[in-house]
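S.K.: Mind having a look at this structure? Questions to follow.
The values are calculated or read from the model by the stated rules, or taken from the named source; none is laboratory data. Here the structure is a predicted model, which is why all the values come from computation and not from measurement. Cβ placement follows ideal geometry from the backbone for every residue including glycine, while neighbour counts extend to all protein chains displayed. Ligands, DNA and RNA are excluded from the accessible area calculation, which covers all protein heavy atoms including side chains. Shrake-Rupley method; radii C 1.70, N 1.55, O 1.52, S 1.80 Å.
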Amino acid sequence: MTRARRIILFDIDGTLILTGGAGIRAMTRAFQRLFGVADALASVQMGGRSDLWIVKTVFAQHGLESDDGRRAAFIDAYTAELPVALQETEGCVLPGVLDLLTALTQRPVVVGLGTGNFRRSGMIKLAYYGLDRRFSDGGFGDDSEDRSMLLAAGVERLRGAALPEAEVVVVGDTPHDVTAAHAIGAKAVAVATGFSTAEALTAAGAEVTLPDCADLARALAALLD
């Protein structure tokens with residue numbers, strides 16, 4: 001088996017898919033059901049943040065003790081609510097993503113995830129849109145509330161399939177993705193398919209900023225050159 005010359009980590013929300021706010025809806029319901037807190041995420045700026053960071057922030061805002069047991073119970077409740085929320089909202093796979101992921105299977109790369117989603121919730125979202133089998137592993141919100149650390153965890157999990165000198169590329173849609181990529185010495189490829197503008201992503205230091213992945217040749221060049 002040929003070992004990969006590049007490790008590519010994709011963010012999920014705003015990069016691969018849009019869920020129409022299903023994650024927020026499911027989290028809100030989980031907080032209400034478990035702790036009686038209504039509209040718990042109303043004042044939380046979540047773009048580019050990990051689920052663990054979001055949960056700890058909401059717990060702190062509402063005076064809830066953030067221990068392992070409560071967080072585990074929340075994840076159970078959240079992942080139970082998420083499939084229903086996905087059915088209720090209108091989402092999509094973003095332009096060019098399917099063609100790009102298919103093309104990458106023919107290149108000497110290993111493709112994984114670098115997402116703030118908890119592993120379980122991230123895979124539920126991807127499965128709903130038929131993308132769950134496209135990724136071998138990665139870094140998730142369970143790994144750390146710090147995005148750079150969860151990216152580092154993803155790289156470590158995928159290193160065995162890559163050459164020792166393999167370069168790392170992180171694909172994301174927020175300035176947090178760009179900053180975290182640089183923190184682990186990775187190249188940042190930004191896509192303006194989330195809430196951040198192309199200008200903001202470029203200003204954050206992305207080596208390449210794309211409007212989306214619809215131009216396959218351009219997207220491949222950004223990831224492989």
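S.K.: Give the accessible surface of the chain per residue, rounded to a whole number of Å², with probe radius 1.4 Å and ligands, DNA and RNA excluded.
M.R.: Here the per-residue accessible area is 45 Å².
S.K.: Share of segment 47-110's accessible area from carbon and sulfur, percent, 1.4 Å?
M.R.: 48 percent
S.K.: Could you compute the FRET efficiency for Asp225 and Gln87, with r as their C-beta to C-beta distance and R0 at 41 Å, rounded to 0.05? If you can, show how the numbers build up before the last one.
M.R.: Details: r = 40 Å, r/R0 = 0.97.
For R0 = 41 Å, the calculated efficiency reads 0.55.
S.K.: Quick check on the chain: of the DSSP beta bridges with both residues there, what percent are antiparallel, nearest 5%?
M.R.: Antiparallel: roughly 10 percent of the beta bridges in the chain.
S.K.: Then there is this: Given Gly141, Ile54, Leu131, which one lies farthest toward the positive end of the charge dipole of the chain, if we put +1 on the Cβ of every Lys and Arg and -1 on the Cβ of every Asp and Glu?
M.R.: Leu131
S.K.: Counting only GluC sites (Glu not before Pro) that sit in a DSSP loop (anything but H, G, I, E, B) with at most 12 other Cβ atoms within 10 Å, what is the longest stretch of the chain containing none of them?
M.R.: Segment 91-225 is the longest.
S.K.: Using every pair of alpha-carbon atoms in segment 26-120, split the distances into 5 Å bins beginning at 0 and state the percent of pairs per bin, rounded to integers.
M.R.: Bin by bin from 0 Å, the calculated values are 2, 11, 18, 21, 17, 10, 9, 7, 4, 1, 0.
S.K.: So what's the back-of-envelope 222 nm ellipticity for the chain, counting only DSSP H runs of four-plus at -39500 (n - 2.57) apiece and dividing by all residues, rounded to 500?
M.R.: -13500 deg cm²/dmol
S.K.: Subtract the Cα-Cα distance of Arg133 and Asp99 from 0.36 nm times their separation in residues, and report this length gain in nm to one decimal.
M.R.: Once the chain is fully extended between Arg133 and Asp99, it gains 10.8 nm.
S.K.: Shifting gears a bit: Excluding Gly21 itself, calculate the net charge of residues whose Cβ lies under 14 Å from the Cβ of Gly21, where each Lys or Arg counts +1 and each Asp or Glu counts -1. Spell out each step's value before the answer.
M.R.: On the way: positive: Arg25, Arg29, Lys125; negative: Asp13, Asp39, Glu81, Glu88, Glu90.
Computed value for this residue: -2.
S.K.: Write down the Kirkwood hydrodynamic radius of the chain, to one decimal in angstroms, obtained as one divided by the mean of 1/r over all alpha carbon pairs.
M.R.: 17.6 Å
S.K.: Calculate the spin-label point distance for Arg107 paired with Ser66, positioning each point 7 Å from the Cα along the beta-carbon direction, and give it in nanometres.
M.R.: 3.6 nm
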